[in-house]
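Just so it is clear, none of the values below were taken in a lab; they were calculated from the coordinates. Since this is a predicted model, take the numbers as computed values, not measurements. Cβ coordinates were reconstructed from backbone atoms using ideal geometry, including for glycine residues, and neighbour counts include every protein chain displayed.
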Amino acid sequence: MEFKHLLFSVEEQIATVTINRPKALNALNMELLLELTQLFDHIKNNASIQAVVLTGSGEKAFVAGADISEMQSKTAPEAKGFSTIGNELMSKIENLPQPVIAAVNGYALGGGSELALACDLRIASIDAKLGQPEVTLGIVAGFGGSQRLPRLVGPSIAKELLMTGEMITAERAYQIGLVNHVVESDALLDKAKSIARKMISNSIIGIQASKKLVNEGFEMDIQRALSLEAETFGMMFATEDQKEGMAAFLDKRKAQFKAK
Ligand code: CAA
């Protein structure tokens, strides 16, 4: 597949998606949002891809936000439409069956922070900076930041970030649970890929069901969510993976899961 602003490769069933608009610090314009939507649709329907690593090109930025020069002249209905398209993309990534790991290689601001938030987990390079600076531009977060950030770090810290507009360091992002790991810049992609490899060495049905349970459970009250877990737990016992996984444990050998 050919894209104007994206690089895409697949190795050992792990796709690497690189946002490649370095002159604008990988800012998300409409064209880029549509390319990402098309690519994630392709990934969703491609059973040979088991995990995705999402990163930005260049050393400076993951994504420095939605494209301010493109947004500047939007009317209120146009801006609402832009936010809707961005939100649909973020939900598509969040609900992708495969795990998606953000490798945050520099600035992740505004829509860039929101893109990272839509991923299942985030690894940051030591010099990454994250934040929601929308209020400094006279707007609010538009790609899910006001909703996913408080769900991840709690409302109090989320409000501080959303209302001061200040950037935080990778280390601070780690302290508040916004990123899972902080590594040296040159180790970032290796770290993200090694987590992806570890995930997909397990039962693919199991990892995809675990992702779905966490996502869907957050939208439910605890009793319904626990019923959903019990139902899914039961369904797993009708899979080859459960038979192989438990037999392998009892045989003291490594499980060979089939659905790869
Ligand atoms: N949109 C459009 N262009 C951007 C951009 C953005 N979000 N961020 C950076 N750029 C462009 C700059 O305009 C500049 O272009 P030129 O070379 O043509 O002048 C180029 O990228 C390099 O940027 P800087 O010269 O500003 O680089 P710097 O090192 O001095 O600063 C920065 C880096 C702190 C990230 C700074 O670029 C910055 O503050 N960017 C904007 C961050 C921001 O406010 N993001 C939120 C956008 S709103 C949003 O995302 C809404 C939403 O929720 C959907």
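Please label the shape of segment 12-135 as rounded, prolate or oblate, based on the square roots a ≥ b ≥ c of the eigenvalues of the alpha-carbon gyration tensor (a/c under 1.5 means rounded; beyond that, a/b larger than b/c means prolate, else oblate). Cα axes put segment 12-135 in the oblate bin. Pairs of Lys residues in segment 163-260 are counted when their Cα atoms are under 16 angstrom apart and they lie 8 or more places apart or on different chains; the count is 8. To the nearest ten degrees, helix 240-251 and the longest principal axis of the Cα atoms of the chain are 60 degrees apart. Net charge dipole, segment 1-100: roughly 200 debye, given to the nearest 20, about the Cα centre with Cβ charges of +1 for Lys and Arg and -1 for Asp and Glu. Extension gain, residue 235 to residue 7: 0.36 nm times the residue separation minus the Cα-Cα distance gives 78.3 nm. Name the residue from 204, 187, 223 whose Cα lies farthest towards the positive end of the charge dipole of segment 104-260, charges +1 on Cβ of Lys and Arg and -1 on Cβ of Asp and Glu. Looking along the dipole axis, the top candidate is 204. Counting only Cβ charges, +1 for Lys and Arg and -1 for Asp and Glu, the dipole size of the chain around its Cα centre is about 420 debye. Cα centroid separation, segment 11-64 to segment 150-179: 24 Å. Under the criterion of Cα pairs below 8 Å and six or more residues apart, the relative contact order for segment 62-110 equals 79 percent. In terms of surrounding Cβ atoms within a 10 Å radius of their Cβ, 107, 174 rank from fewest to most as 174, 107. Sum -39500 (n - 2.57) across every DSSP H segment of at least 4 residues in the chain, then divide by the residue count to get the 222 nm mean residue ellipticity, nearest 500. Theoretical 222 nm ellipticity from helices: -14500 deg cm²/dmol.
Farthest toward the positive end of the dipole of the chain, out of 89, 165, 154, is the Cα of 154, where the dipole comes from beta carbon charges about the Cα centre.
Between helix 155-164 and the chain there is an angle of about 30 degrees, using the helix long axis and the longest principal axis of the Cα atoms.
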